[in-house]
Amino acid sequence: MKIIVDAFGGDNAPLEVVKGCALAVQEYGIQIVLTGDEEIIKKVCAEHHISLQRMEIVHAPDVIAVEADPTSIVKEHGESSLAKGLKLLSEGEGDAFVSAGSTGALVVGSSLLVKRIKGIKRAALAPIIPSNTGCYMLMDAGANLECRPEMLLQFGIMGSAYMNKILKISSPRVGLLNVGAEDTKGTDLQKDAFGLLKNAPLHFTGNIEPRDIPFGECEVVVCDGFSGNIVLKLTEGMASAMMGNIKNILYKNTLTKLAAASIKGGLMDFKKRMDYTEYGGAPLMGIAKPVIKAHGSSNANAFKNAIRQAKEFVEHDVIGEIQKSLDELKKMEQ
């Protein structure tokens, strides 16, 4: 299997990217195609004694900045590491693509260069987020700030297929993000989407309030990208604040430090279970070939896991499963 990786995407590129790729090659036995400035990649690898075994480099001298217009990936930044990687994927030069670069450019570039799955109206950014009972997929987390009800229905179908195939959940519970659990809550978008999800071939459990999400009430949380991005960023901020407060309490004085030593093992287990880097990245659901968006601040471990995620995406034919679910829905509507 060959995974294409944007070597210049993210805050820690290219060093952490190539370190993660080297780990992935050793652990998963795959091949890597790195896109980016070939001279810089080779120099960084030489300086840090990183092997390029089972890795090839496709030269891409440009980098598209996070603040750049996402549509510029097609023309002005056609030679960027991000655009080059997507072009290689669309041409069949790799099985999946991983990048920690500009989210907007990745969504636009994937939709225009790689194309969407037949029948899918919009691609959705779908991070996997830890919960008390395991994890859940949040979609959309920011790709589409405004949505139509049928888009939320497709988000539910795609999320259910992913959680079933990749995380082996036999019947993933799908919840619709809302301000209340009652069927009549929400704007017209939520009310109309509720009806569509209720009649779809899904394990739809109804509306879910934000406060219930961390407790594992469902495995797929469906929402528009505006609401989803707020949930995502609030979750990240709250997790960071909570861990910071726990640390301050436990290291306040000698007595609390002794107490901290006695529960260190449990705290480390908790920290690992809530660490987003263990899940890799956010799949860009709805694209005709596997695309994974790694977190902008990803380290080598996060990149390695994002590559693992891409590998599993291919192996379990999630895209084929989504297509089957769409066909089943179409038959029900006839």
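The values are calculated or read from the model by the stated rules, or taken from the named source; none is laboratory data. For clarity, every value in this text was computed on a predicted model and none was experimentally measured. Ideal geometry is used to build each Cβ from the backbone, glycine not excepted, and the neighbour counts take in all protein chains shown. Side chains included, ligands, DNA and RNA excluded: accessible areas come from the protein's heavy atoms. Shrake-Rupley method; radii C 1.70, N 1.55, O 1.52, S 1.80 Å.
Data overview
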item	result
Projected area, mean over directions - the chain, Cα convex hull, nm²	18.5 nm²
LYS264-GLU39 pseudo-label distance in nm [points 7 Å out on the Cα-to-Cβ vector]	4.8 nm
Phi-based couplings in Hz for the stretch 9-24 (Karplus 6.51, -1.76, 1.60; Gly and Pro marked x)	x, x, 5, 10, 7, x, 4, 5, 5, 5, 5, x, 5, 4, 5, 5
Normalised contact order of the chain, rounded percent, pairs of Cα under 8 Å and 6 or more residues apart	23 percent
Extension gain from ASP11 to VAL74, taking 0.36 nm per residue of separation minus the Cα-Cα distance	20.4 nm
The stretch 91-223, dipole about Cα centre (Lys/Arg Cβ +1, Asp/Glu Cβ -1), debye to the nearest 20	240 debye
Å² of accessible area per residue within the stretch 97-243, as computed with a 1.4 Å probe and no ligands counted	42 Å²
Two-site FRET efficiency, MET243 against GLN26, from Cβ-Cβ distance with R₀ of 30 Å, rounded to 0.05	0.50
Ranked packing of 302-309, 32-39, 85-92, 249-256, most packed first, by mean Cβ within 10 Å	302-309, 32-39, 85-92, 249-256
Normalised contact order of the stretch 35-136, rounded percent, pairs of Cα under 8 Å and 6 or more residues apart	22 percent
Under 5 Å, built H, 5+ apart or other chain: amide partners of ALA200	none
Percent RCO, i.e. relative contact order, over the stretch 1-41, from Cα pairs under 8 Å lying at least 6 residues apart	57 percent
Helical contribution to [θ] at 222 nm, DSSP H n ≥ 4, -39,500 (n - 2.57), averaged over the chain, rounded to 500	-14000 deg cm²/dmol
Surface share of carbon and sulfur [accessible, 1.4 angstrom probe, percent] for the stretch 1-155	48 percent
Set of the stretch 174-191 residues, backbone N closer than 17 Å to the point 7 Å along the Cα-Cβ line of GLU209	175-187
The stretch 129-189-the stretch 54-70 distance, computed between alpha-carbon centres (Å)	31 Å
DSSP bridge pairs, the chain: antiparallel proportion in percent, nearest 5	25 percent
Rounded if a/c under 1.5, otherwise prolate or oblate - the stretch 1-96, Cα gyration tensor axes	oblate
Portion, in percent, of the accessible area of the stretch 173-300 that falls on carbon or sulfur, probe 1.4 Å	60 percent
Cα→Cβ-extended label distance, 7 Å offset, between LYS168 and ALA181, nm	3.1 nm
